[in-house]
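See structure below.
The values are calculated or read from the model by the stated rules, or taken from the named source; none is laboratory data. Note that the structure is predicted; figures quoted are calculated from it, not measured. Virtual Cβ from ideal backbone geometry, glycine too; neighbours counted across all protein chains shown.
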């Protein structure tokens, strides 16, 4: 994917009159799909759009493509005084194939360093920020040196986001990403398997699995019929720690759960017959743990 450079500096909208009136800026990019932009229900302009005289605050932004075959998109953004908020969006004819990035900036206490926060839909994406170790979203990376940096966001079955950003001293850049599903009609290389997963949209998450059987021991039963033992095998994550490729294990389902350890890729764990919102419950080092099914496979033996 092409690298886009967004020069988002607090001085971009500086000036006595702007600061006095608390003006904010908004830039909307829809690439090769002309669209109309609305703010709080009022028509603003067509894309590509850049406005520098908007009222600061939280606003609802709606993007309506001129081609009726493409779906509209609506989201809330924070327009902070004196800085430019950037929204780059890829429209599509199906919700799961739409995607984009919102760049927002917030002042922090430090005047010499910066922070970068990553929020993704779905969460659990691999975040690579130039000069830093890989992380899983959502994550806030602190003590970032100001200047131009590159980042990449990857998740199996989703389009990769790879861009350059200009990080300003004394600000936290919040990067909110809605990842677009890859087109299933595109043939994948047999050497690069893509795990099967539930589709996600901006307004919905995979529902908890139903018809789960809770039991103890190495095998489960349902209506008196013996079932094979089930295990969860950790698959490739491209996330390394101490020279080993690993996956975080959490105490609760979801990326907000507390990390209780690292599971090495290729390792097999007993499945505890519970799946919630795309997370498997496993037996991990004599404790109950949860791993994302994006990086795990359920097998029977």
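If the condition is being under 21 Å from residue 127 (Cβ atoms) and outside any loop (DSSP other than H, G, I, E, B), then region 230-259 contributes 234, 240, 241, 244, 245, 246, 247, 248, 249, 250, 259.
So which residues in region 268-282 are touching a strand residue (DSSP E or B) at 6+ places or on another chain (Cβ under 7 Å) and within 14 Å of residue 124 (Cβ to Cβ), if there are any at all? Those that are touching a strand residue (DSSP E or B) at 6+ places or on another chain (Cβ under 7 Å) and within 14 Å of residue 124 (Cβ to Cβ): 278, 279, 280.
Every condition in (1) without any contact (Cβ under 8 Å) to a residue 60 or more places away in the chain; (2) in contact with a strand residue (DSSP E or B) (Cβ under 6 Å, 6 or more places away or on another chain) holds for residue 112 except the one numbered (2). At least 3 residues being outside the structural domain of residue 262 (by TED's automatic domain parsing) and within 22 Å of residue 182 (Cβ to Cβ) is the threshold, and among the strands (runs of 3 or more DSSP E) wholly inside region 116-160 those reaching it are 126-129, 147-154. So, residue 114, is that one surrounded by 16 or more Cβ atoms within 10 Å (Cβ to Cβ), within 20 Å of the chain's Cα centre (by Cα), at pLDDT 90 or above and over 23 Å from residue 239 (Cα atoms) or not? Here the answer is no, as residue 114 does not meet what is asked.
Considering every residue within region 125-133, establish whether at least one is touching a residue at least 40 places away in the same chain (Cβ under 8 Å) and on the phi > 0 side of the Ramachandran plot. No: region 125-133 contains no residue that is touching a residue at least 40 places away in the same chain (Cβ under 8 Å) and on the phi > 0 side of the Ramachandran plot. Scoring residue 195 on the criteria (1) more than 30 Å from residue 132 (Cβ to Cβ); (2) modelled with pLDDT under 50 leaves a single failure, condition (1). For region 173-191, a residue qualifies if it is modelled with pLDDT of 85 or more and farther than 16 Å from residue 101 by Cα, and exactly one does: 182.
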